[in-house]
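S.K.: For reference, the structure I am asking about is given below.
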Amino acid sequence: MTTRVAFRTCPLCEATCGLRLEVVDGRVTRIQGDEDDPFSRGFICPKGSTLGALHDDPDRLRAPLVRRGGTHVEVSWEEAFAEVERRLTAVVAAHGPDAVAVYVGNPNAHNFASTLAIRPLVKALRTRNVYSASTVDQMPKHVACGLVFGHPLAIPVPDVDRTDYLLLLGANPLESNGSLATAPDWPGRLEAIRRRGGRIVVVDPRRTRTAERADLHVPIRPGTDAALLAGIARALFDEGLVRPGRLTDLTTGIEQVEQAVSGFTRDRVAAFTGVPGATVLSLARDLAAAPTAAVYGRIGTHTTANGTLAAWLVDVLNVLTGNLDRPGGAMFPHAAHERPRRDRRGFRTGRWHSRVRGLPESMGELPIATLADEIETPGQGQVRALLTIAGNPALTTPDAGRLARALAGLELIVCVDPYLNATARHADVILPPPSSLQRSHYDLAFTALSVRNVADFSPAVLEREAGSPSEFEILVRLTAIAAGLGAGADPLALAEETLAGRVAAAVGDPSSPVHGRDADEIFAALGDREVEERLLDFILRTGHRGDAFGAHPDGISLTMLEQHPHGLDLGPLQPRLPDALATESGKVELAAAPLVAELERLGRALDVTAHSDMVLIGRRQLRTANSWTHNVAVLVRGKDACTAQVHPDDAARLGLANGVSARVSSAVGSVELPLEVTDTVMPGVVSIPYGWGHGLPGTRQAVAAAHAGVNVNTLTDAFPLDPLSGNAVLNGIPVTITAA
Ligand code: SF4
């Protein structure tokens with residue numbers, strides 16, 4: 001028996017916890033939090049300890065599947081890629097490149113290799129029908145930050161370790177473990193704020209676990225956060241509490257913001273949001289009085305018809321109170337692999353529009369809510385084929401019932417996915433990647449959102465099965481097919497070429513730290529690792545903390561990170577303005593025209609918007625990672641987690657008792673599920689968790705099927721969208737509720 005210990009960063013959510021794994025005879029037998037990880041300090045949540053179970057899951061696909069005569073059968077990798085080539089080429093030849101749509105799921109953000117491979121794949125496909133999970137829940141933050149800071153990835157995060165006052169809206173990090181703000185151990189970090197005398201306020205229609213631990217919970221009518229934030233801003237102006245400090249010289253547009261929020265009087269805001277005017281005023285005063293403060297909004301504020309406005313106004317408050325870019329406020333992380341921002345072109349959306357509904361692109365993507373339109377509507381550019389990469393849009397995107405019906409009519413669906421799930425059951429070809437334990441790991445995405453600067457690299461823990469390609473290799477082979485090089489092209493040779501091209505471009509780029517150096521020497525210095533690791537090493541070594549291939553001997557390289565298996569602590573966040581900006585003016589452009597215009601529209605609607613009797617909101621659950629961790633027994637055991645929560649007053653009014661089967665209906669669909677009567681939701685609200693709805697015909701996830709639940713996206717509507725970002729509206733959906 002051989003026993004060893006491995007350390008790696010958990011890839012399941014944004015918290016990036018360090019894990020300690022015990023491996024016996026090639027099998028993971030125990031997973032604990034890594035006490036020596038300087039960032040997570042031993043913290044682990046129930047999901048983190050299931051990486052071994054996910055790897056061992058008998059339903060995880062180990063070989064490609066191709067649909068033959070209505071059923072999925074195992075084939076060789078060569079056969080699978082040949083099938084993709086034959087059918088994809090035919091679709092493009094007959095209908096053009098836009099006939100192929102791509103959907104990129106959330107797990108790609110946790111996989112540096114697929115992050116590196118997807119962009120060339122999308123480029124090779126030459127399609128404008130690119131969709132991702134970003135327009136389900138986070139595009140508003142990208143668009144708001146793009147417009148104000150010039151770059152959609154310049155996202156300030158709350159400096160939770162130093163703040164004196166944390167105002168959270170629509171965020172429940174005790175269940176989500178944080179999002180767009182990477183911090184392991186939110187429970188411990190929030191507790192530390194209170195221990196050092198700070199305060200935490202949670203604004204949410206539910207008294208969430210996070211709200212339970214806060215100093216104050218402020219219930220709010222779903223979907224109205226932008227108006228509350230504008231009301232707080234107006235109160236700051238009214239009370240003479242606007243004190244941007246050093247931001248005054250770094251910011252334009254504060255006067256226009258004052259004008260834009262002038263209509264958000266406390267009375268109007270109170271009537272619209274349900275938050276008393278006195279609370280609006282006290283939130284403004286407390287925010288201004290705190291020695292340091294950070295405002296942070298997440299999914300509940302983004303998945304609304306005013307998501308981008310809310311995302312923007314969060315940072316408006318951070319600027320007005322002088323808390324942007326200072327310790328204890330909202331700060332810009334600086335990931336080790338990032339290069340200095342020299343581009344001052346600013347950011348815009350709408351460089352092209354969707355064919356059917358004319359919706360603008362954001363960050364090169366169209367809103368996922370319109371994919372069904374693009375599939376179902378005949379005409380030039382109609383989507384005929386779909387490639388999904390680690391995504392399950394048939395379960396996780398709005399009006400899922402319609403999308404599922406649309407998928408059934410496609411000529412070709414290819415899924416890169418380890419499960420035969422609600423989307424893959426429609427697929428013609430399924431290409432399963434290895435498990436996360438069989439690949440190395442570095443957080444390209446989340447170190448750029450981290451509340452402390454860290455860098456971690458984890459080698460693969462387990463070997464891949466003989467003959468199984470890495471996910472990187474799968475994606476490069478698809479790229480070769482899309483580029484017309486054929487399924488037989490050598491993927492590794494193509495990736496080597498890409499790497500050589502990057503090195504050559506860098507030595508010719510005056511802004512690169514390796515400008516003027518010998519490209520062959522640099523290429524050779526990357527060694528003989530797998531090519532995706534060499535690409536990562538190159539990015540790290542030319543990043544702002546990199547060793548620049550010997551020019552900065554103390555700088556970071558992959559080899560150096562390997563010598564720090566518990567991770568490298570690079571210290572607390574530092575002020576980064578104006579360098580973090582990419583606006584044309586070189587300043588924070590606080591009153592970007594599209595945002596001000598949209599706020600004025602909301603201001604006009606405040607008094608005339610009718611509020612529904614009952615509205616739907618989502619619910620985050622600690623043991624759920626989107627839709628794909630429900631096939632692990634330990635994560636679904638216990639009492640039914642997929643319930644409709646309603647307030648006791650509503651239950652009494654509607655004549656519904658706790659535990660009965662309830663029918664919840666919206667304009668687009670209907671579900672039946674157990675009712676849970678609880679005063680943790682405010683009156684007028686129904687809360688249903690997302691990620692459920694398993695057990696569909698043709699799926700192969702036995703544990704999930706036995707705990708199926710219902711799909712809340714049967715109720716969400718694909719038509720109302722956040723107009724500035726195209727993000728789905730998942731909160732505040734009008735519904736009715738009756739006994740089933
Ligand atoms: S909080 Fe997230 S990163 Fe940490 S162990 Fe849980 S799933 Fe993994």
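S.K.: Quick one: count up the residues across region 101-116 that are small (G, A, S) and under 10 Å from the mean Cα position of the chain (by Cα).
M.R.: The initial filter retains those residues of region 101-116 that are small (G, A, S), namely 101, 105, 109, 113-114.
Next, only the ones that are under 10 Å from the mean Cα position of the chain (by Cα) stay: 105, 109.
Qualifying residue count for the region: 2.
S.K.: Applying the selection to region 159-186, what residues are under 11 Å from R298 (Cα atoms), open to solvent by 10 Å² or more (accessible area, probe 1.4 Å) and within 10 Å of the ligand (Cβ to nearest atom)?
M.R.: Matches in region 159-186: S176 only.
S.K.: In addition: Which of the helices (runs of 4 or more DSSP H) found entirely inside region 188-288 contain at least 2 residues meeting this: aliphatic (A, V, I, L, M)?
M.R.: 225-238, 254-260, 266-273
S.K.: Kindly list the number of the only condition in (1) at negative phi; (2) without any contact (Cβ under 8 Å) to a residue 24 or more places away in the chain that fails for G358.
M.R.: Against the list (1) at negative phi; (2) without any contact (Cβ under 8 Å) to a residue 24 or more places away in the chain, G358 comes up short only on (1).
S.K.: Quick one: P683 ticks every box in (1) part of a loop (DSSP other than H, G, I, E, B); (2) more than 28 Å from G274 (Cα to Cα) bar one, so which box is it?
M.R.: Every listed condition holds for P683 apart from (2).
S.K.: For region 71-82, which positions are assigned to a loop (DSSP other than H, G, I, E, B) and open to solvent by 50 Å² or more (accessible area, probe 1.4 Å)? Step through it out loud before you land on a result.
M.R.: Looking only at region 71-82, we keep the residues that are assigned to a loop (DSSP other than H, G, I, E, B), and these are 75-76.
Answer for region 71-82, where residues must be assigned to a loop (DSSP other than H, G, I, E, B) and open to solvent by 50 Å² or more (accessible area, probe 1.4 Å): just S76.
S.K.: Within region 17-48, restricting attention to residues that are surrounded by 14 or more Cβ atoms within 10 Å (Cβ to Cβ) and of a type in the set (V, I, T), which residue is nearest to the ligand (Cβ to nearest atom)?
M.R.: Filtering first and then ranking leaves I44.
S.K.: Please state which of the following conditions A109 fails to meet, knowing it meets all the rest: (1) modelled with pLDDT of 95 or more; (2) within 16 Å of the ligand (Cβ to nearest atom); (3) among the aliphatic types (A, V, I, L, M).
M.R.: Going through the list (1) modelled with pLDDT of 95 or more; (2) within 16 Å of the ligand (Cβ to nearest atom); (3) among the aliphatic types (A, V, I, L, M), A109 breaks only (1).
S.K.: So, one more: Among the residues of region 540-553, are any assigned to a helix (DSSP H, G or I), of a type in the set (D, E) and at pLDDT 95 or above?
M.R.: Within region 540-553, none of the residues are assigned to a helix (DSSP H, G or I), of a type in the set (D, E) and at pLDDT 95 or above.
S.K.: Within region 507-530, can you find the residues that are open to solvent by 10 Å² or more (accessible area, probe 1.4 Å) and of a type in the set (A, V, I, L, M, F, W, C)?
M.R.: Answer for region 507-530, where residues must be open to solvent by 10 Å² or more (accessible area, probe 1.4 Å) and of a type in the set (A, V, I, L, M, F, W, C): V507, A519, F523, A524, A525.
S.K.: Out of L492, L475, L444, which single residue is modelled with pLDDT of 95 or more, assigned to a helix (DSSP H, G or I) and closer than 30 Å to D56 by Cβ?
M.R.: L475
S.K.: What residue, of R68, R86, R126, R60, is open to solvent by less than 20 Å² (accessible area, probe 1.4 Å), away from the ligand (no atom under 16 Å from the Cβ), more than 20 Å from the chain's Cα centre (by Cα) and charged (D, E, K, R)?
M.R.: Exactly one residue qualifies, and that residue is R60.
S.K.: Regarding region 96-103, can at least one residue be identified that is within 16 Å of the ligand (Cβ to nearest atom), open to solvent by less than 10 Å² (accessible area, probe 1.4 Å) and out of contact with any helix residue (DSSP H, G or I) (no Cβ under 6 Å at 6 or more places or on another chain)?
M.R.: no
S.K.: Pairs under 8 Å by beta carbon, first residue over 22 Å from A625 (Cβ atoms) in region 15-39, partner near the ligand (Cβ under 10 Å from one of its atoms), six or more apart or different chains?
M.R.: Close Cβ pairs satisfying both conditions: E22/I31; D36/G18.
S.K.: Out of A422, A455, which single residue is in contact (Cβ under 8 Å) with a residue 12 or more places away in the chain and farther than 30 Å from S665 by Cα?
M.R.: The unique qualifying residue is A455.
S.K.: Do you know which of the residues in region 267-280 that are touching an Asp or Glu at 6+ places or on another chain (Cβ under 9 Å) and surrounded by 18 or more Cβ atoms within 10 Å (Cβ to Cβ) is farthest from P683 (Cα to Cα)?
M.R.: From region 267-280, those touching an Asp or Glu at 6+ places or on another chain (Cβ under 9 Å) are 268, 271-273, 277; that's our starting set.
Applying the additional criterion that residues be surrounded by 18 or more Cβ atoms within 10 Å (Cβ to Cβ) yields 268, 272-273.
Numbers: R268: 20, F272: 15, T273: 13 Å.
Filtering first and then ranking leaves R268.
S.K.: Another question, then. Count, please, the residues in region 404-414 that happen to be touching a residue at least 40 places away in the same chain (Cβ under 8 Å) and open to solvent by less than 10 Å² (accessible area, probe 1.4 Å).
M.R.: 2
S.K.: So how many residues does region 1-16 have that are among the basic types (K, R) and either closer than 12 Å to G33 by Cα or within 16 Å of the ligand (Cβ to nearest atom) (or both)? Write out each step before concluding.
M.R.: Taking region 1-16 as the starting set, the residues that turn out to be among the basic types (K, R) are 4, 8.
Still in the running and either closer than 12 Å to G33 by Cα or within 16 Å of the ligand (Cβ to nearest atom) (or both): 8.
Residues flagged as among the basic types (K, R) and either closer than 12 Å to G33 by Cα or within 16 Å of the ligand (Cβ to nearest atom) (or both) within region 1-16 amount to 1.
S.K.: Now for a separate question. Just to verify a result, which residue in region 236-266, among those that are of a type in the set (S, T, Y) and open to solvent by 40 Å² or more (accessible area, probe 1.4 Å), is nearest to the chain's Cα centre (by Cα)?
M.R.: T252
S.K.: Can you name every residue in region 272-304 that is within 11 Å of L228 (Cβ to Cβ) and hydroxyl-bearing (S, T, Y)?
M.R.: Hits for region 272-304 are T273, T279, T301.
S.K.: Against the condition closer than 24 Å to F472 by Cα, of a type in the set (V, I, T) and either out of contact with any Ser or Thr (no Cβ under 7 Å at 6 or more places or on another chain) or not in a loop (DSSP other than H, G, I, E, B) (or both), how does I413 come out, does it pass?
M.R.: So I413 fits the description; yes.
S.K.: When residues of region 489-518 are filtered for being farther than 23 Å from D343 by Cα and either free of Cβ contacts under 8 Å to residues at least 12 places away in the same chain or in contact with a Pro (Cβ under 6 Å, 6 or more places away or on another chain) (or both), how many remain?
M.R.: Qualifying residue count for the region: 4.
The values are calculated or read from the model by the stated rules, or taken from the named source; none is laboratory data. Quantities reported herein were computed from a predicted structural model and do not represent experimental measurements. All Cβ positions, glycine included, derive from the backbone under ideal geometry; neighbour counts span all protein chains shown. SASA here: full protein model, heavy atoms, side chains in, ligands and nucleic acids out. Shrake-Rupley method; radii C 1.70, N 1.55, O 1.52, S 1.80 Å.
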